[in-house]
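A.B. asks: One structure coming up, written as structure tokens, with questions to follow.
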Amino acid sequence: MTWTRITFVTGTDTDVGKTIATAALAVALAAGGNTVAVYKPTQTGVLASGHGDMGEVTRLSGNTDVHEGIRLTDPMAPTEAAFREQRQLPSLQAHVQKILALAATRDHVVVEGAGGLLVELDGAGNTLANLAAALGGTASTCVVLVCRSGLGTLNHTQLTLEALHHRALPTPKLLIGSWPAAPSDVDLSNRQRLETREADFIGALPEGAAALSPDTFRRLAPEWLDT
């Protein structure tokens with residue numbers, strides 16, 4: 001499968017496995033000797049000295065080329081967290097410039113969003129969708145949509161697909177963020193439906209992938225994804 005230079009990772013909801021998916025993508029894209037940077041525009045819910053999503057990406061993937069636009073303490077949407085701390089969020093253009101600077105000297109840049117596709121990243125109401133659209137005309141981009149396997153995922157996935165289509169963004173690649181060791185009939189049926197949508201289905205991360213040792217995670221990650 002042809003892979004683009006800039007990949008945006010979003011989810012149908014929060015806690016669907018975006019960070020683990022980002023770590024797995026960082027491993028899989030680097031497997032052929034490519035250089036990969038990872039960028040998180042807004043990190044919330046972590047103390048200044050704490051272990052955030054980019055720290056988890058480094059722990060699992062071994063990739064230390066990770067970057068954050070801003071880090072906020074409260075575990076809330078970025079605009080609300082920034083308001084509580086009386087801090088100004090980076091502008092959309094600041095994120096664009098940072099990503100382009102990373103892409104200029106790396107083979108791939110993986111950008112992990114906050115929550116779902118339409119969570120606001122700045123005070124002007126811009127979202128990850130706006131960020132992807134802003135870069136769509138300047139670089140080769142794609143979106144990876146991380147979804148659940150259980151009840152409700154088909155509706156949530158379709159809503160996000162429609163939001164992407166409405167904004168004329170590329171059809172995303174679908175990835176199940178946590179595939180159960182003992183899938184139910186619902187899980188199996190949903191996976192079959194996800195695999196047959198117009199979007200490319202690129203794989204499923206096993207349940208508990210984050211609990212694997214980093215060495216095991218790095219060895220197996222390329223097998224989980226069709227990159």
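A.B. asks: Once fully extended, how much extra length lies between Asp74 and Asn155, figured as 0.36 nm per residue of separation less the alpha-carbon to alpha-carbon distance?
C.D. replies: My answer for the length gained is 26.2 nm.
A.B. asks: What is the distance, in nm, between label points placed 7 Å from the Cα along the Cα-to-Cβ direction at Thr171 and at Glu195?
C.D. replies: Distance between label points: 1.8 nm.
A.B. asks: Give, as a single signed number, the net charge of other residues whose beta carbon lies under 14 Å from the beta carbon of Gln86, with Lys and Arg counted +1 and Asp and Glu -1.
C.D. replies: -1
A.B. asks: Further question: Whole number in Å², please: accessible area per residue of the chain, 1.4 Å probe, ligands, DNA and RNA not counted.
C.D. replies: Averaged over the residues of the chain, the accessible area is 45 Å².
A.B. asks: Which of the aspartates and glutamates could a cross-linker span from Lys40 if the Cα-Cα distance has to be under 17 Å and same-chain partners fewer than 8 positions apart are dropped?
C.D. replies: Asp13, Asp15, Asp53, Glu56, Asp65, Glu68, Asp74, Glu112, Glu120, Asp122
A.B. asks: Nothing charged except the Cβ atoms of Lys and Arg (+1) and of Asp and Glu (-1): what's the magnitude of the dipole of the chain about its Cα centre? Round to the nearest 20 debye.
C.D. replies: With only Lys, Arg, Asp and Glu charged at Cβ, the dipole is about 380 debye.
A.B. asks: Enumerate the calculated ³J(HN,Hα) couplings along segment 26-43 in order (Karplus 6.51 cos²θ - 1.76 cosθ + 1.60, θ = phi - 60°), each rounded to whole Hz, writing x wherever the residue is Gly or Pro.
C.D. replies: 4, 5, 5, 6, 8, 4, x, x, 6, 8, 9, 10, 10, 10, 10, x, 9, 10
A.B. asks: Ok, one more. Starting from the Cα of Ala31, step 7 Å along the direction of its Cβ; do the same at Thr14; then give the gap between the two resulting points in nm.
C.D. replies: So the label points at Ala31 and Thr14 sit 3.2 nm apart.
A.B. asks: Follow-up question, since we're still on this one. With all protein chains present and a 1.4 Å probe, how do Glu198, Glu207, Glu80 order by accessible area, largest first?
C.D. replies: Glu198, Glu207, Glu80
A.B. asks: How much accessible surface area, in Å² rounded to 10, belongs to the heavy atoms of Glu162 with a 1.4 Å probe?
C.D. replies: The accessible area comes out at roughly 110 Å².
A.B. asks: Just the number, please: percent antiparallel of the DSSP beta bridges in the chain, rounded to the nearest 5.
C.D. replies: 5 percent
A.B. asks: Specify the inter-centroid distance of segment 46-103 and segment 131-177, based on alpha-carbon positions, in whole Å.
C.D. replies: Segment 46-103 and segment 131-177 have Cα centres spaced 21 Å from each other.
A.B. asks: Percent of accessible area on the chain owned by carbon and sulfur, 1.4 Å probe?
C.D. replies: C and S fraction of accessible area: 49 percent.
A.B. asks: Any chance you could look up the accessible area of Asp226 with a 1.4 Å probe, heavy atoms only, rounded to 10 Å²?
C.D. replies: 70 Å²
The values are calculated or read from the model by the stated rules, or taken from the named source; none is laboratory data. None of the values given here were measured: they were computed from a predicted structure. Every residue, glycine as well, gets a Cβ built from its backbone with ideal geometry; the counts of neighbours run over all protein chains shown. Just the protein is used for accessible areas: all its heavy atoms, side chains included, with ligands, DNA and RNA removed. Shrake-Rupley method; radii C 1.70, N 1.55, O 1.52, S 1.80 Å.
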